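Here's the structure, in structure tokens; my notes come after.
The values are calculated or read from the model by the stated rules, or taken from the named source; none is laboratory data. Predicted model, so just to flag it, every value in this text is computed and none were measured. Here the Cβ positions follow ideal geometry from the backbone for every residue, glycine too, while neighbour counts run over all protein chains shown. Note: areas computed on protein heavy atoms with side chains; ligands, DNA, RNA excluded. Shrake-Rupley method; radii C 1.70, N 1.55, O 1.52, S 1.80 Å.
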Amino acid sequence: AVTAAPVVLAALRLAGAALLSPGSCTFEDSACGYQWDYAHLPWTLHGEGHYISVDTSYEGEKAVLSSPDLYSEEWSCVRLIYQITASDTSPDPARLNLYLRQEGESFDRLLWSAKEPSDSWLIASLDLANSTKKYKLVLEGEMGQDKSTSIAVFEIKITSGYCIECDFEENHLCGYMNRWNPNVNWFVGGGNIRNSQSILPKDHTLNSALGHYMYVDSVYVKHFQEVAQLISPKTTAPISGCLSFYYQLKQESSIVFTVYLRDTSGFYEEIWKTDSALNAEWALAEVDFNAPYPMEVIFEVAFNSAKGGYVALDDISFSPVYCSNQTGAPFNPANAGCNFEEDLCNFYQDHKDGPGWSRVKVKRNVYRAGDHTTGFGYYLLANTKFTSQPGYIGRLYGPTLPGNLQFCLRFYYALYGFFKMSGTLAVYIFEENHVVQEKIWSVLDSPKGVWTQAEISFKKPMPCKVVFVSWCKSFWDCGLVALDDVSLSLGSCQAADLLLPIPGECTFEKDECVFTQKKRGRGSWHRKRGPTPTSYTGPRGDHTTGVGYYMYIEASNMVYGQRAYLVSRLLRGTSGKQCLTFFYHMYGAGTGLLSVYLKKEGDDEEIPLWRRTGEQSISWLRGLIEYESDTNYQIIFEAIRGVSIRSDTAIDDILFQAGPCLEVEEIQLSSGYPDSLNEIEY
């Protein structure tokens with residue numbers, strides 16, 4: 001039950017409700033072309049209260065509301081005013097999710113999700129990057145287990161421009177929030193309200209007494225350096241360019257007015273500060289602004305005394321072009337990664353170290369693991385036993401990275417033949433002047449010969465390089481260190497883990513995603529981590545991280561020729577080609593068959609897309625399938641147990657993508673064994 005005083009709802013009615021843009025709705029007398037999905041719970045329109053809601057008076061798991069077709073060639077901002085009412089105690093709380101459903105995509109992209117109950121409305125602001133494709137916004141209310149739950153949506157508003165822009169003329173203040181302080185706070189001024197000694201005669205937007213702006217007054221200051229903060233909505237897409245705003249200062253004694261960026265880990269970076277006292281006119285401030293990962297803009301005012309005067313702020317705007325004549329492309333983290341398939345990318349070795357790292361490739365075989373990227377591609381191998389340098393050290397240098405940015409470095413490594421593993425591979429940061437080097441990671445222990453993922457967050461004030469160092473303690477304890485799939489992303493790894501899921505990706509780390517079993521039992525697919533119980537068959541770890549989950553069939557629970565099916569839910573048909581990537585593991589002398597089928601809705605026929613027969617490799621191998629289906633369809637993975645218990649077949653890391661596959665797999669339907677075993681090509 002949503003209770004909201006009529007005053008609040010009247011306040012919610014925004015200026016210009018009649019001029020709503022497509023996809024916007026105040027739910028006054030209609031749902032503005034939004035439609036609910038009859039397969040799920042119904043939404044109820046409350047015209048008199050101007051909201052639409054769903055509650056638990058009907059049995060069901062969720063309610064779905066989708067917008068009419070939308071199209072935006074320019075950057076836009078979606079603002080959602082909503083409320084979730086529930087008792088706080090439920091282990092499975094209600095959630096409100098917002099998805100983007102793009103034309104030509106089989107999967108919706110999750111833009112935002114909230115589960116905090118509140119006693120009044122809340123606002124969410126989401127940036128939508130410009131796109132040439134048509135799209136729909138899809139709201140999904142998940143009801144959870146709490147019987148007193150209700151979810152209400154008061155308004156959806158789509159405006160062109162960026163979510164951090166604001167003229168403060170509307171009640172929701174574009175999602176800007178004052179951080180409450182007992183003595184100094186940001187207030188809304190203007191609109192003919194005479195509520196302060198130092199109020200301004202006119203705002204900047206309308207240049208009239210009716211317009212609105214934000215202001216902070218020093219009249220209630222009790223302590224030295226009290227601070228008022230106005231916090232912008234968090235950016236939800238990477239943006240860089242020029243942030244501008246108008247401000248006025250009336251200064252009796254010193255005021256410090258500062259603008260900061262704050263990232264999700266709470267780190268503040270000052271980007272602008274007032275330099276001197278100005279006359280009481282609106283002054284324009286412009287500052288270069290770079291938010292490659294989610295950030296808030298904070299306008300902070302500190303007063304030294306109660307006679308400090310005031311600060312007013314209005315018309316915050318943003319342009320994707322830098323204010324200064326900055327030429328220089330923004331840093332692209334993709335250039336700092338490498339899968340070593342073609343060459344070393346931007347990595348290099350120091351010649352005086354000797355060739356510590358070599359690029360190698362292993363043909364598919366059942367003794368030696370191949371690379372991590374495909375299972376039959378290239379990776380780097382450090383065999384420092386025979387380097388010319390004393391100390392058995394091999395160094396691999398990465399490209400120069402700019403300073404003052406938060407990075408997440410991820411890579412895969414595998415170790416062979418060491419008695420003691422700790423310290424055999426380490427990562428250092430070299431600052432450009434080469435005076436400072438700092439160790440940021442080193443291996444402690446890991447399963448032998450399994451590709452294991454490492455991830456490290458770092459941020460340095462100066463430009464720096466990442467250096468991979470392989471090291472043997474002595475000639476007698478010197479094995480091999482393998483390295484592959486190095487990637488760098490902006491933002492910390494912890495923030496990246498909280499990021500919204502990639503649509504169409506399934507790593508089996510949390511659950512079985514869009515897949516279900518045709519029938520569950522001992523002879524079905526199982527989700528597992530670590531090695532399978534039978535020796536000489538099955539993987540020793542998963543493909544995602546080396547220590548995560550994969551799906552496999554346990555041959556010892558099945559009889560020869562028995563089948564296990566893993567079936568996707570119904571996926572949206574689209575025009576044009578689709579690409580399915582997955583990793584499969586078929587190791588064991590008695591291995592049977594693994595097949596992938598496409599089944600169209602309303603059709604009994606299962607169309608074979610891909611098949612492998614018999615033992616393939618001790619490695620995870622990449623499978624690629626290009627297919628088309630303009631009607632709704634399902635994808636089926638079928639494993640058939642082979643002649644003996646050494647027939648554990650596994651799959652992991654499934655990814656559905658729109659568009660044709662960028663690479664082609666040599667054989668789609670093959671049988672038999674790889675031609676040669678255990679060869680390394682240097």
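For the range 447-476, a tally of residues being open to solvent by less than 20 Å² (accessible area, probe 1.4 Å) and closer than 17 Å to Ala382 by Cα returns 9. If you go through the range 394-426 and pick out every residue that is within 19 Å of Tyr378 (Cβ to Cβ) and assigned to a strand (DSSP E or B), you end up with 11. Just name the residue that is least open to solvent (accessible area, probe 1.4 Å) out of those in the range 623-682 that are modelled with pLDDT under 90 and on the phi > 0 side of the Ramachandran plot. By that ranking, first place goes to Gly672. The single condition among (1) surrounded by fewer than 22 Cβ atoms within 10 Å (Cβ to Cβ); (2) more than 20 Å from the chain's Cα centre (by Cα); (3) not in a loop (DSSP other than H, G, I, E, B) that Pro91 does not meet is (3). Every test in (1) in contact with a Ser or Thr (Cβ under 9 Å, 6 or more places away or on another chain); (2) assigned to a strand (DSSP E or B); (3) open to solvent by less than 10 Å² (accessible area, probe 1.4 Å) is passed by Leu609 save one, and that test is (3). Within the range 146-164, the presence of at least one residue that is surrounded by 24 or more Cβ atoms within 10 Å (Cβ to Cβ) and under 24 Å from Ala302 (Cβ atoms) is confirmed. Is it the case that the range 517-537 has a residue that's part of a loop (DSSP other than H, G, I, E, B), of a type in the set (Phe, Trp, Tyr) and open to solvent by 60 Å² or more (accessible area, probe 1.4 Å)? Yes: one or more hits. Residue count for the range 457-497 under the criterion of being of a type outside the set (A, V, I, L, M) and at pLDDT 85 or above: the result is 17.
If the condition is being more than 30 Å from Ser489 (Cβ to Cβ) and surrounded by fewer than 23 Cβ atoms within 10 Å (Cβ to Cβ), then the range 294-315 contributes Ala302, Asn304, Ser305, Ala306, Lys307, Gly309, Asp315. Look at the range 106-117: where a residue is under 15 Å from Leu655 (Cβ atoms) and buried (at least 17 other Cβ atoms within 10 Å of the Cβ) and a partner is at pLDDT 90 or above and among the basic types (Lys, Arg), sitting 6+ places away or on another chain with Cβ atoms under 6 Å, you get Ser106/Arg572.
Could you tell me whether the range 191-204 includes any residue that is among the β-branched types (Val, Ile, Thr), under 27 Å from Trp75 (Cα atoms) and either over 30 Å from the mean Cα position of the chain (by Cα) or modelled with pLDDT under 90 (or both)? Checking the range 191-204: not a single residue is among the β-branched types (Val, Ile, Thr), under 27 Å from Trp75 (Cα atoms) and either over 30 Å from the mean Cα position of the chain (by Cα) or modelled with pLDDT under 90 (or both).
Looking at the range 250-259, can you tell me whether even one residue there is at pLDDT 95 or above and closer than 25 Å to Glu165 by Cβ? Checked against the condition, which is being at pLDDT 95 or above and closer than 25 Å to Glu165 by Cβ, the range 250-259 yields at least one hit. Looking at Lys234, is it within 21 Å of the chain's Cα centre (by Cα), at pLDDT 90 or above and open to solvent by 40 Å² or more (accessible area, probe 1.4 Å)? Taking the combined requirement at face value, the residue satisfies it. Annotation: Pro201 fulfils all but one of (1) farther than 29 Å from Pro68 by Cα; (2) touching a residue at least 40 places away in the same chain (Cβ under 8 Å); the unmet one is (2). Applying a threshold of 6 Å to beta carbon distances and a minimum spacing of six or more residues, or different chains, the list of pairs starting in the range 292-319 at a residue that is closer than 12 Å to Thr258 by Cβ and ending at one that is part of a loop (DSSP other than H, G, I, E, B) and open to solvent by 10 Å² or more (accessible area, probe 1.4 Å) reads Ala302/Gln225.
The set of residues in the range 40-68 being assigned to a loop (DSSP other than H, G, I, E, B) and free of Cβ contacts under 8 Å to residues at least 12 places away in the same chain consists of Glu48, Ser57, Glu59.
For the range 474-492, filtering for residues that are more than 30 Å from the chain's Cα centre (by Cα) and either in a strand (DSSP E or B) or of a type outside the set (A, V, I, L, M, F, W, C) (or both) leaves 5. With respect to the conditions (1) in contact with a Leu (Cβ under 8 Å, 6 or more places away or on another chain); (2) touching a residue at least 60 places away in the same chain (Cβ under 8 Å), Ser232 lacks only one, and its number is (1).
Restricting the search to the range 542-568, which residues are of a type outside the set (D, E, K, R) and under 13 Å from Gly521 (Cβ atoms)? Passing the criteria: Ile553, Asn557, Met558, Val559, Gln562, Ala564, Tyr565.
Under the condition of being on the phi < 0 side of the Ramachandran plot and part of a loop (DSSP other than H, G, I, E, B), the residues counted in the range 435-473 number 16. Scanning the range 493-516 for residues that are in a loop (DSSP other than H, G, I, E, B) and not aliphatic (A, V, I, L, M) yields Pro501, Pro503, Gly504, Thr507, Phe508, Glu509, Lys510, Asp511, Glu512, Cys513.
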